[in-house]
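Presented below is the structure to which this report refers.
The values are calculated or read from the model by the stated rules, or taken from the named source; none is laboratory data. Given the structure is predicted, the values throughout are model-derived calculations rather than measurements. Note: ideal-geometry Cβ built from the backbone for every residue, glycine included; neighbour counts use all protein chains shown.
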Amino acid sequence: MSATLIDGKAISQQIKDELKEKCLELKDKGIEVTLAVILVGSDPASQVYVRNKKRACEYIGYNSLSYELPEDTTMEKLLGIIDELNNRSDVDGILVQMPLPKHMDEKKVINAIRPDKDVDGFHPMNVGALVVGDKGFVSCTPAGVIQLLKRGLPDYDISGKECVIVGRSNIVGKPMSLLMLRENATVTVAHSRTSNLKEVCKRADIIIAAVGKAGVITKDHVKPGAVVIDVGINRGDDGKLCGDVKFDEVSEIAHAITPVPGGVGPMTIAMLMNNCYEAALSHKLGE
């Protein structure tokens, strides 16, 4: 393998260690950071995510409040809990684990969270702030990708690079394109209707794959020396976790690549923890 491996586990640990230090400084001033996590139903993947978020809070020194609600919880009940947490001065961040059960309106739930407590960065006000370049919470996965590029490749300058993002979801693709623009990259967003995907990707200095389909990006999509960030998490036919990129073949020609697992995944939680810290600064120190 000739590509540099960008190690998301190591970089996320670095961020959590920095936050642990900052958290101790806040505690010296009598300030606690508190994240409230709401899980509805018993989706196994969601349970794993929630457990990992609690562990990260524990490690850094945040308080975490946990609401684990049955599948048949009503919208009214859920919105009532969000309203109560919105009004609690000790709570800095509110996170409702997605996906929600079918009978719930995700949009309504996201909109109910106060924007200054929306540490997932999904509220339309935070998305709008990103579009116009104002201060707000940025969706955790795209924010994590920027940190992977900056910390994993400290001598690599994103500015002026041609970046192709494959996928246009509200959670990754769209905010990712705005963050790369903020870093002065030239950005193309490709998706399922892009007719000449290989040619479009071949132009890229940086490819960010966020489709959710195993092995969609092959070495035929990648020009030698490109940086490849794999956001996808899929189960292969062998039951193992894999990304949207055919790692074995792409790593032979790329300049740098993220593995799955151990690449983007750990960064999402690290950036969530960072958003919680920023929320506490804003609520409790007015910064």
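Looking only at the range 220-227, decide whether some residue is assigned to a loop (DSSP other than H, G, I, E, B), crowded, with 21+ Cβ neighbours inside 10 Å and of a type outside the set (S, T, N, Q). Scanning the range 220-227 turns up at least one residue that is assigned to a loop (DSSP other than H, G, I, E, B), crowded, with 21+ Cβ neighbours inside 10 Å and of a type outside the set (S, T, N, Q).
Within the range 241-253, count every residue that is surrounded by fewer than 24 Cβ atoms within 10 Å (Cβ to Cβ) and part of a loop (DSSP other than H, G, I, E, B). Show your work before the answer.
So the first thing to find is which residues in the range 241-253 are surrounded by fewer than 24 Cβ atoms within 10 Å (Cβ to Cβ), and the list is 241-242, 246-249, 251-253.
The next check asks that each one be part of a loop (DSSP other than H, G, I, E, B); those that pass are 246, 251-253.
So the count comes out to 4.
In the range 29-63, the qualifying residues are those that are within 21 Å of residue 123 (Cα to Cα) and among the hydroxyl-bearing types (Ser, Thr, Tyr), and the one that is surrounded by the fewest Cβ atoms within 10 Å (Cβ to Cβ) is 46.
So which residues in the range 1-32 are among the hydrophobic types (A, V, I, L, M, F, W, C) and under 20 Å from the mean Cα position of the chain (by Cα)?
Here is the first cut: in the range 1-32, the ones among the hydrophobic types (A, V, I, L, M, F, W, C) are 1, 3, 5-6, 10-11, 15, 19, 23-24, 26, 31.
Scanning the range 1-32 gives 5, 6, 10, 11, 15, 19.
A single member of 36, 3 is touching a residue at least 12 places away in the same chain (Cβ under 8 Å) and more than 30 Å from residue 155 (Cα to Cα), and it is 36. A Cβ distance below 6 Å, combined with a sequence gap of six or more or placement on separate chains, defines the contacts here; from the range 151-168, residues that are modelled with pLDDT of 95 or more reach residues that are in a strand (DSSP E or B) and of a type outside the set (A, V, I, L, M) in the pairs 162/186; 164/188.
Determine, yes or no, whether residue 83 is charged (D, E, K, R) and crowded, with 19+ Cβ neighbours inside 10 Å. Against the criterion (charged (D, E, K, R) and crowded, with 19+ Cβ neighbours inside 10 Å), residue 83 does not qualify. The set of residues in the range 233-264 that are modelled with pLDDT under 95 and touching a helix residue (DSSP H, G or I) at 6+ places or on another chain (Cβ under 8 Å) contains only 233.
Those helices (runs of 4 or more DSSP H) of the range 51-147 in which 3 or more residues are without any contact (Cβ under 8 Å) to a residue 24 or more places away in the chain and farther than 30 Å from residue 227 by Cα occupy 75-86, 106-112.
Would a scan of the range 8-18 turn up a residue that is assigned to a helix (DSSP H, G or I), among the polar types (S, T, N, Q) and surrounded by 15 or more Cβ atoms within 10 Å (Cβ to Cβ)? Steps first, please.
Applying the first criterion (assigned to a helix (DSSP H, G or I)) to the range 8-18 yields 8-18.
Remaining after also requiring among the polar types (S, T, N, Q): 12-14.
Pick out the ones that are also surrounded by 15 or more Cβ atoms within 10 Å (Cβ to Cβ) and you get 12.
For the range 8-18, residues assigned to a helix (DSSP H, G or I), among the polar types (S, T, N, Q) and surrounded by 15 or more Cβ atoms within 10 Å (Cβ to Cβ): present.
Between 146, 113, the distinction of being closer than 27 Å to residue 283 by Cβ and touching a strand residue (DSSP E or B) at 6+ places or on another chain (Cβ under 9 Å) belongs to 113 only.
Across the range 195-219, the qualifying residues are those that are part of a loop (DSSP other than H, G, I, E, B) and free of Cβ contacts under 8 Å to residues at least 24 places away in the same chain, and the one among them that is nearest to residue 257 (Cα to Cα) is 196.
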